[in-house]
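Okay, so here's the structure we're looking at.
The values are calculated or read from the model by the stated rules, or taken from the named source; none is laboratory data. Just so we're clear, the structure is a prediction, and the values are computed from it rather than from any experiment. Using ideal geometry, Cβ is built from the backbone for each residue, glycine included, and neighbour counts are taken over all protein chains shown.
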Amino acid sequence: MSTVENIKLAGRTLFGQKGYNGTSLTDIATEVGIKKPSLYAHFKNKDDLFLAVVMDLMTIFLAELEKSYNQHKQKKTKERLQAFLFDSCTFLQNEQFGPLYKRMILFPPEHLHEEVKNRFLSTEAYTNDALKELFQTGMENGEIRKLNIDALINSFYCLTDGLFIQRFYYDEKRYEQKINDAWTIFWDGIQA
């Protein structure tokens, strides 16, 4: 792994554990096994490194969603949506990604709030398109009631966001029950 990748990996871990303000460039350099001035050969400053880590996280998350979307393409809409939901939540449970995602979304550094929000929203275009296709196909196939697609997408995001937060409070067994119950009620509400 290259030095840049090692720096971003250390940043992802430390920013996730300690937040932006609780993580120093010295902490990151120590984690990588280099001196702090060496970081500046790769990143202008802490903000530059943090935003690079955020973009990597978004890229990895989108790649996982795309993989899930393509892997289940031949299934019925119900199974495709359920897989999309469960795979999203599983990714965010990952110890390497979940803590950073939580801190980045809920508590971004104040001075980078707009930048983080804009980067997050730019990646949402893929999931919007994927969900639009899933819901549209489901309606065309008679699996989903004729509902407003934007409302369906918004509801799906609220479901995933709620489950994401729940993951940090409950053990595996309790969380599994919550995700299954939430999915069942969601599907019952939209199915034809």
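Checked against the criterion of being modelled with pLDDT of 95 or more and under 30 Å from Asn128 (Cβ atoms), the stretch 17-29 contains not a single residue that satisfies it. Being over 22 Å from Lys73 (Cβ atoms), basic (Lys, Arg) and crowded, with 18+ Cβ neighbours inside 10 Å is the requirement here; does Arg145 meet it? Against the criterion (over 22 Å from Lys73 (Cβ atoms), basic (Lys, Arg) and crowded, with 18+ Cβ neighbours inside 10 Å), Arg145 does not qualify. Within the stretch 1-29, residues that are under 17 Å from Leu51 (Cβ atoms) sit with their Cβ atoms under 6 Å from residues that are among the polar types (S, T, N, Q), at 6+ positions apart or across chains, in these pairs: Leu14/Thr23; Phe15/Thr23.
Which one is surrounded by the most Cβ atoms within 10 Å (Cβ to Cβ), of the residues in the stretch 32-44 that are closer than 30 Å to Glu124 by Cα and in contact (Cβ under 8 Å) with a residue 12 or more places away in the chain?
Of all residues in the stretch 32-44, those closer than 30 Å to Glu124 by Cα come to 42-44.
In the following step, the residues that additionally are in contact (Cβ under 8 Å) with a residue 12 or more places away in the chain were identified as 42-43.
On the way: His42: 17, Phe43: 20.
Looking at the filtered set, the residue picked out is Phe43.
I'd like to know if the stretch 150-159 contains one or more residues that are touching a strand residue (DSSP E or B) at 6+ places or on another chain (Cβ under 9 Å), without any contact (Cβ under 8 Å) to a residue 60 or more places away in the chain and not charged (D, E, K, R).
Step one: list which residues in the stretch 150-159 are touching a strand residue (DSSP E or B) at 6+ places or on another chain (Cβ under 9 Å), which gives 152.
From what is left, the residues that are without any contact (Cβ under 8 Å) to a residue 60 or more places away in the chain are 152.
Then keep just the ones that are not charged (D, E, K, R); that gives 152.
There is at least one residue in the stretch 150-159 that is touching a strand residue (DSSP E or B) at 6+ places or on another chain (Cβ under 9 Å), without any contact (Cβ under 8 Å) to a residue 60 or more places away in the chain and not charged (D, E, K, R).
Residue pairs whose Cβ atoms lie under 6 Å apart, separated by 6 or more positions or on different chains, with the first residue in the stretch 87-112 and of a type outside the set (Lys, Arg) and the second surrounded by 16 or more Cβ atoms within 10 Å (Cβ to Cβ) and not in a helix (DSSP H, G or I), are Gln93/Arg167; Pro109/Tyr20.
Hey, among the residues in the stretch 168-185 that are in a loop (DSSP other than H, G, I, E, B) and surrounded by 10 or more Cβ atoms within 10 Å (Cβ to Cβ), which one's modelled with the highest pLDDT?
At the first step, the residues of the stretch 168-185 found to be in a loop (DSSP other than H, G, I, E, B) are 168-171.
Next cut, surrounded by 10 or more Cβ atoms within 10 Å (Cβ to Cβ) only: 168, 170.
Values: Phe168: 78, Tyr170: 87.
Selected residue: Tyr170.
So Phe50 fits all but one of (1) of a type outside the set (A, V, I, L, M); (2) free of Cβ contacts under 8 Å to residues at least 24 places away in the same chain; (3) surrounded by 17 or more Cβ atoms within 10 Å (Cβ to Cβ); what number is the exception? For Phe50, the failing item is (2).
Looking at the stretch 53-94, which of its residues are in a helix (DSSP H, G or I), of a type outside the set (D, E, K, R) and either modelled with pLDDT of 95 or more or over 22 Å from Leu9 (Cα atoms) (or both)?
Initial filter on the stretch 53-94 (in a helix (DSSP H, G or I)): 53-71, 77-93.
Keeping just the survivors that are of a type outside the set (D, E, K, R) gives 53-55, 57-63, 65, 68-71, 77, 81-86, 88-93.
Selection gives Ser68, Tyr69, Asn70, Gln71, Thr77, Leu81, Gln82, Ala83, Phe84, Leu85, Phe86.
Listed conditions (1) of a type in the set (Val, Ile, Thr); (2) modelled with pLDDT under 90; (3) more than 28 Å from Gly11 (Cβ to Cβ) are all met by Ile144, apart from (2). With the structure loaded, tell me whether Phe15 is crowded, with 17+ Cβ neighbours inside 10 Å and in a loop (DSSP other than H, G, I, E, B) or whether it fails that test. Answer is no for this residue.
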